[in-house]
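Report on the structure given below.
Here, each number is a calculation from the coordinates, and none is a lab measurement. None of the values given here were measured: they were computed from a predicted structure. Quick reminder, even Gly has a Cβ in these numbers, built from the backbone with ideal geometry, and neighbours come from all protein chains shown.
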Amino acid sequence: MTVEVNAEETRMTEVIAVVPTQEETEKAVEGDEKVKDGDESKPKKVEKCSSYREESNFLSDLKEFEKKALNELKAKLEESILGDNLYKKEGPKKTHEKSVSDEKDAKGGDESEKAGKEEAQNEEERKEDGVDEKENTAQECEEEKPDAGTEECEEEKKPDTSNEEKGFQTDTEISLWGVPLLPSKGAEATDVVLLKFLRAREFKVNDAFEMLKKTLQWRKEARIDSILDEDLCADLSTAAYMNGVDREGHPVCYNIFGVFDSEELYQKTFGSEEKRSQFLRWRCQLMEKGIQKLDLKPGGASSLLQINDLKKSPGPAKKELRISTKQAIGILQDNYPELVAKNIFINVPFWYYALNALISPFLTQRTKSKFVVARPGKVTETLLKYIPMEEIPENYGGFKKENDFEFSGKDGGVASELIMKAGSTETIELPALEVGSTLVWDLSILGWEVNYKEEFVPIDEGSYTIIVQKAKKMSSQEGPIRNSFRTNEPGKVVLTIENTSSKKKRVLHRYKVNKSY
């Protein structure tokens with residue numbers, strides 16, 4: 001949970017960031033879904049943000065210069081892997097220096113000084129003998145193969161890129177996020193991964209190639225490929241977690257900063273350099289878990305949606321949090337390019353805007369363009385542009401409940417939307433025609449401030465209407481409603497909403513019928 005990382009892109013997947021201008025904020029948070037005049041009372045599916053679209057990974061959709069850059073990167077990568085030049089080579093171990101160090105620890109300074117002199121003397125002798133050794137080597141070569149002349153010696157001076165001739169096998173199984181990187185293997189996902197590095201470096205092939213090499217080196221040195229097997233920071237399970245998918249199928253990661261308002265948890269997480277290091281490793285682990293849910297193929301959901309909840313967050317006054325945030329930005333942006341589709345900040349406090357100057361220099365323009373900011377009163381409305389109502393957690397105004405057995409799987413039910421004009425009254429009728437069946441429904445009104453009631457109206461005009469929920473005024477702080485009714489006769493449940501405010505209202509609802517058998 002901390003900070004974006006375009007490479008995070010994901011800042012922890014991006015989490016504290018740059019703030020758009022007021023005009024940009026209004027457009028991003030409020031301007032994408034304007035309600036058109038007309039027949040607004042008819043239920044309709046909730047529309048998604050029109051500007052929310054992941055860049056295509058299909059080769060046919062790429063521009064010519066992008067295709068060219070991809071082919072060039074694939075060629076460089078193929079050559080590097082087959083030539084065993086992708087990773088840094090480890091230098092020879094200085095065994096003599098190590099023995100001197102060990103001797104110093106065992107025998108004290110005098111012995112160390114003696115060893116040092118011997119080393120200097122040996123080094124001088126080696127320098128004096130260096131020219132003779134080279135001459136002897138050349139002479140031996142000529143004596144062993146007089147007929148070949150110096151041809152073979154000349155061949156020995158040429159660089160040999162064939163690992164098979166050197167007596168060992170080239171590792172062609174190098175992969176990243178489970179995707180093989182050797183282009184000649186022909187895996188579709190290879191192009192998708194390489195395009196992420198190209199986009200992060202504006203399709204500059206050499207820069208993208210260096211970024212990829214550094215990422216692979218970092219993963220090797222930090223043992224990232226085995227990080228999923230580690231037990232890290234169990235106390236932070238509520239600080240960041242994966243939950244559901246958005247409208248495009250992207251897995252959603254929630255980063256909850258408010259948990260660090262607890263001084264005890266704050267100290268357990270950031271109280272020392274070692275703890276901060278563990279925190280960063282835990283965040284990388286969460287990122288890797290999210291990547292496991294991606295579909296790294298053309299047309300697949302190949303990036304995450306990040307939700308960063310800043311409610312009750314300790315804020316920039318906490319030095320340790322600032323340090324970890326800065327470190328996370330670097331790690332995630334450098335090693336997880338283009339893995340975040342959008343970075344949404346909700347419940348944004350006043351200090352977030354002041355943080356802009358601090359964090360902005362560490363973020364690329366591409367990363368900044370993915371930020372969406374929502375004030376406390378606009379949380380549900382903003383999330384709805386990107387996430388279906390049935391996938392938004394209940395605590396953010398959505399219909400998704402933990403361990404929900406009513407709406408789950410294929411019976412989840414898709415929410416419908418109704419737009420109410422100011423001062424109007426609307427009814428929603430839910431059919432309940434089978435005797436003994438149970439009708440279950442969810443309903444939420446953005447901003448509420450309406451009068452609301454629920455009734456069961458039987459088909460038989462001689463029967464009585466049953467009040468399910470008596471009329472009451474709903475405040476603006478109300479959460480989603482779930483209710484149910486078991487029918488003893490055919491009829492319908494009628495939900496009546498009276499918009500007493502001077503603003504339009506968005507009503508979202510769904511229902512299902514559990515039949516009796």
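Cross-link check: pairs Lys289/Lys326; Lys76/Lys289; Lys68/Lys368 evaluated at a Cα-Cα cut-off of 24 Å; pairs beyond the cut-off: Lys76/Lys289; Lys68/Lys368.
Within region 369-389, what residues put their amide N at less than 15 Å from the label point 7 Å along the Cα-to-Cβ vector of Ser476? Inside the label zone: 375-381. Our coupling estimate for region 437-445, obtained by passing each phi through the Karplus curve with A = 6.51, B = -1.76, C = 1.60 and θ = phi - 60°, is 7, 10, 9, 10, 9, 10, 8, 8, 10 Hz, Gly and Pro reported as x.
With the highest mean first, a sort of the peptides 54-66, 327-339, 285-297 on other beta-carbon atoms found within 10 angstrom per residue produces 327-339, 285-297, 54-66.
Proximity of backbone amide H atoms, modeled 1.01 Å from N, is registered between Ala341 and Leu304, Leu305, Gln306 at under 5 Å, excluding neighbours fewer than 5 places apart on the same chain. With the simple model of a label 7 Å out from the Cα in the direction of the Cβ, Glu273 to Phe405 spans 5.3 nm.
Computed extension length for Asp295-Glu221: 24.0 nm, one decimal, from 0.36 nm per residue of separation with the Cα-Cα distance subtracted.
Can you figure out the FRET efficiency of Leu433 with Ser237, using R₀ = 35 Å and their beta-carbon distance, to the nearest 0.05?
On the way: r = 45 Å, r/R0 = 1.28.
Calculated transfer efficiency: 0.20.
Based on the convex hull around the alpha carbon atoms, region 415-514 presents an average projected area of 6.0 nm².
Quick one: if the Förster radius is 56 Å, what FRET efficiency do Glu381 and Thr465 give, using the C-beta to C-beta distance and rounding to 0.05? Before the final figure, lay out the partial values.
Working: r = 34 Å, r/R0 = 0.61.
Given R0 = 56 Å and the Cβ-Cβ separation, E is 0.95.
Among the listed pairs Lys473/Lys504; Lys74/Lys204; Lys312/Lys421; Lys311/Lys512; Lys472/Lys492; Lys293/Lys512, which are separated by more than 23 Å between their Cα atoms? The answer is Lys312/Lys421; Lys311/Lys512; Lys293/Lys512.
Please work out whether region 195-304 counts as rounded, prolate or oblate from its C-alpha gyration tensor, where a ≥ b ≥ c are the square roots of the eigenvalues and a/c under 1.5 means rounded, while otherwise a/b larger than b/c means prolate and anything else oblate?
Details: a/c = 2.25, a/b = 1.42, b/c = 1.58.
Oblate.
Couplings 3J(HN,Hα) of region 264-272, computed from phi: 5, 5, 4, 5, 5, 9, 10, x, 8 Hz, in residue order, whole Hz [Karplus 6.51 cos²θ - 1.76 cosθ + 1.60, θ = phi - 60°; x for Gly and Pro]. Peptides 467-474, 208-215, ordered by how many other C-beta atoms sit within 10 Å of their residues on average, highest first, read 208-215, 467-474. Computed 3J(HN,Hα) for region 278-288, one whole-Hz value per residue from the Karplus formula 6.51 cos²θ - 1.76 cosθ + 1.60 where θ = phi - 60°, is 5, 4, 5, 5, 4, 5, 5, 4, 5, 4, 5, glycine and proline marked x.
Relative protection proxy for 81-88, 276-283, from highest mean packing down: 276-283, 81-88 (other beta-carbon atoms within 10 angstrom). Distance between the 7 Å Cα→Cβ label points at Glu173 and Asn85: 2.5 nm. Once you order the gyration tensor axes a ≥ b ≥ c over the Cα atoms, which shape class does region 379-473 get: rounded for a/c under 1.5, otherwise prolate or oblate by comparing a/b with b/c? Oblate, because a/c is 1.5 or more while a/b does not exceed b/c.
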